[in-house]
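Coordinate-derived values only; no laboratory data. Fair warning: this is a prediction, and the values are worked out from it, not measured in the lab.
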Amino acid sequence: MVIGLIAMDAMKGALVDNSGSERAAMPPTGASGTRAGLGTHHDGVVGQLDRILSALKAEFPNAAAIHLEFDGRLRAHVDIRAGENIPAVAARLETWEDGLFTSVTHGSTPHRPFLHRISALIEV
């Protein structure tokens, strides 16, 4: 499982000293291990998730909401108001970041009757 490997690698990449603050156990590896500017595996899971979420918000500024969800698999949800924009958002996710997003689907947004949700698996 890809996400599990990243989480384990990130755990090895950080140590906690006596003061409780984290410090890097090893320096970043540079350009190797990166995916389209999303950082190295040693940046930590939180850093990678933050970069993915920030990139999604920059790409879809008119989205009503953008969420990341982990239920055994990492997913991105983009909620939009205009149903006619569903194909454009879905197509952009499918081709964005060299296949970072797979299995793009769309449907209704839970508890939000006037929003449409486009969801995709994130393959980090």
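Figures for the structure shown
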{"quantity": "Relative contact order (percent, whole number), the stretch 72-124, Cα cutoff 8 Å, 6+ residue spacing", "calculated": "48 percent"}
{"quantity": "Whether the stretch 58-124 is rounded, prolate or oblate, judged on the alpha carbon gyration tensor where a/c under 1.5 counts as rounded", "calculated": "oblate"}
